[in-house]
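Comments concern the structure below.
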Amino acid sequence: MESFVIEGGHPLKGSISPQGAKNEALEVISAVLLTGEEVRISNIPDILDVNNLILLLQNMGVKVTRNSRNDYTFKADEPDFSYMGSDEYVRKCSSLRGSVLLMGPLLGRFGRATIAEPGGDKIGRRRLDTHFLGFKYLGAELVVDDERNVYNIEAEKLKGCYMLLDEASITGTANIIMAAVLAEGTTTIYNAACEPYIQQLCHMLNGMGANISGIGSNYITIVGVKSLHGTTHRILPDMIEVGSFIGMAAMVGDGVRIKDVSLRNLGIIPDAFRRLGVRLETEGDDIIVPGQEHYEVDSFIDGTIMTLADAPWPGLTPDLLSVLIVVATQARGSVLFHQKMFESRLFFVDKLIDMGAQIILCDPHRAVVIGHDRCRQLRAGRMTSPDIRAGIALLIAAMSARGISRIDNIAQIDRGYEDIESRLNALGARITRTDC
C-alpha cells in the first residue's frame, strides 16, 4: 500500500492547471456504448477510477485507441455479452463506483444490463433506487440475484414517459437520460440533476444525434431517436480539483494562479471560499489566490454564525466540504458545516482534531470549526485516507502542518487526482510517494 510523506510548512507559488473532470469523464465514457460508431473524447483525466472504467469497457469488447495520455477514441460496435454475465465482470463492477453508469446506455441500446452493487468511497449509503425507478418508468423490469449480489435489468422496448425523480441524483439522472435517448416517444424528467457535467453529457449526446432540451434546468425533455452516431467531445476542467487548489493556495500559498478553470461552470464554489474570508482574483478564465496572511469568516447579515451546507446544483457540491473544513481551521472566526447527503463523510475530522484543529463534531452531519487565525499551526501526524475528498483535505492539512506527516491508503487520492504530488511539488510542496 502506497503512502505520501509530507514535509509541511513549504509555501506554494506559481501556476497550476486542473485536470479534466472525473465525474464528467465517467458519464461521457459510459455513453460511448450508445453507438457502434467512433466517439473521440479529449481531456480525460489519467486517474485510477477513469482508467479502470476504460479497462472495463475494453474487457466488454469496446475498441479503445489511446491517441495521447488524455485523448481516447472508443468504438462499441461488437460488445461481448458473454463477458457481461461473467463473475469477473461482476467483481470488477463491484470495485468501481462508476460502473453504475453502464446500466443506462446498455439498457437503452441493447435492452438489457447486468450490474453489481458498485463500490467506491465509504462515505455512507449511496442508494440506487432513483436509477431503478427511472428504468421502471421507461418500461424495464428489475430482477435481483441475491446470491451474486447482481442486478439484471431488461426491457423489450423502452417507452418515453413523464417522471418525477425522488431525488436529484446525478448518476441517476445521467443513467435515465442515456436510457431514454433511444426510447420510443418522449421522456420528461422533473427534479433532474443539472450539474455542468450532466449538461456536458446532454450536449455530447445531442452531438451524437439525440434530441434533448431543457439542458441546464431540472426539467429535461428527451425525444427518442432510432440511433446515435459518433462524435467528438472535450471534458470540462474538474471543479473539485479547482476548489482543492483554492484551498491549498489559501492555506499554504504565496501567490498561486489556477489556469483555465471554466469560471462559468464553477457555480458558487469561489463564493464559498470568499465566505471563509479567502481573497480571490479572476483574470480571464484564471483564478489567482494571493498569499493570505489572515482570512476572516464572514457572518450572515443578522450577525449569526456562518453556515456552509451542501446542496444539489447550483448549490455547494458536497465533494468540497472536506477541503473547506480544513481551510476553516486556520481562519479567524467560527463556521458550522452541514453535510446533508452522506452520513459518514465528516468522520475524517477526528484526524484533524488529532493534528490540533478545534472542531466539534456535533453529529454525523454537522461540525463546528473554531479557526486558529494562524496563531496555532497544525501538527504533523500519521493518518489514513478514507475517501478521495477527505484524502485531499488531509494532504492540505499536512502541507500546512509543522513537521513530517504520513498519509496511508493514497490509492483513494489517486482515484480522483492525477499526478498530484509531482504537480504540487512543482509549486514548492515537498511530498514523497513511498510503498513501504
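Couple of notes before you dig in:
- Degrees separating the helix 388-400 axis from the principal Cα axis of the chain, which is the longest one: 20 degrees
- Cα gyration tensor, the stretch 363-402 - rounded (a/c under 1.5), prolate or oblate: oblate
- Loop-located trypsin sites (Lys or Arg not before Pro) in the stretch 73-114 (DSSP state not H, G, I, E or B) with no more than 15 neighbouring Cβ atoms inside 10 Å do not occur.
- Counting every alpha-carbon pair across the stretch 1-108, the share separated by more than 18 Å comes to 53%.
- The phi-based Karplus calculation (6.51 cos²θ - 1.76 cosθ + 1.60; θ = phi - 60°) puts the 3J(HN,Hα) values of the stretch 363-368 at 6, x, 10, 9, 9, 9 Hz, whole numbers, x for Gly and Pro.
- Value of relative contact order over the stretch 232-299, rounded to a whole percent, pairs C-alpha under 8 Å and six or more apart: 36 percent
- Neighbour count of at most 12 Cβ within 10 Å plus DSSP loop: longest GluC sites (Glu not before Pro)-free window in the chain: 1-146
- Counting every C-alpha pair in the chain, the share spaced more than 40 angstrom apart comes to 19%.
- Accessible surface of the stretch 279-436 [probe 1.4 Å, protein heavy atoms]: carbon and sulfur percent: 51 percent
- Part-to-part distance (alpha-carbon centres) for the stretch 49-123 and the stretch 209-231, which is given in Å: 22 Å
- When both bridge partners sit in the stretch 334-422, DSSP labels roughly 70% of those beta bridges antiparallel.
- For the stretch 248-256, the Karplus equation 6.51 cos²θ - 1.76 cosθ + 1.60, evaluated at θ = phi - 60°, returns couplings of 4, 5, 5, 6, 9, x, 10, x, 10 Hz by residue, with Gly and Pro reported as x.
- Extension gain (nm, one decimal) between K340 and D146, 0.36 nm per residue minus Cα-Cα: 66.8 nm
- Nearby lysines by direct alpha-carbon distance to K157 (threshold 21 angstrom, same-chain neighbours under 8 apart not counted): K136, K226
- Derived scalar couplings ³J(HN,Hα) [the stretch 183-196; Karplus, 6.51 cos²θ - 1.76 cosθ + 1.60; whole Hz; x for Gly, Pro]: 6, 7, x, 10, 10, 10, 10, 9, 6, 6, 5, 9, 3, x
- Contact order for the stretch 203-327, expressed relative to its length and based on alpha carbon pairs under 8 Å spaced 6+ residues apart, stands at 22 percent.
- What the chain shows is 39 Å² of accessible area per residue, with the surface traced by a 1.4 Å probe over protein heavy atoms.
- Within the stretch 206-235: backbone nitrogen closer than 12 Å to the T65 label point (7 Å, Cα to C-beta): none
- Here's how it looks for C161: its modeled amide H is under 5 Å from those of T187, T188, which are all 5 or more places away or on a different chain.
- Here's how it looks for D310: its modeled amide H is under 5 Å from those of H338, K340, which are all 5 or more places away or on a different chain.
- Taking the 1.4 Å solvent-accessible surface of the stretch 113-261 as the whole, the part contributed by carbon and sulfur is 45%.
- The stretch 299-429, relative contact order [Cα under 8 Å, separation at least 6], %: 21 percent
- Span from the the stretch 304-341 Cα centroid across to the the stretch 242-293 one, whole angstrom: 16 Å
- Beta bridges by DSSP in the chain, antiparallel share as percent, to the nearest 5: 70 percent
- Relative to the longest principal axis of the Cα atoms of the chain, the long axis of helix 48-59 makes an angle of roughly 20 degrees.
The values are calculated or read from the model by the stated rules, or taken from the named source; none is laboratory data. On a predicted model such as this, the values are computed, not experimentally measured, just so you know. Cβ atoms come from the backbone with ideal geometry, glycine included; neighbour counts cover every protein chain shown. To get the accessible areas, we keep the full protein, side chains included, count just its heavy atoms, and leave off ligands, DNA and RNA. Shrake-Rupley method; radii C 1.70, N 1.55, O 1.52, S 1.80 Å.
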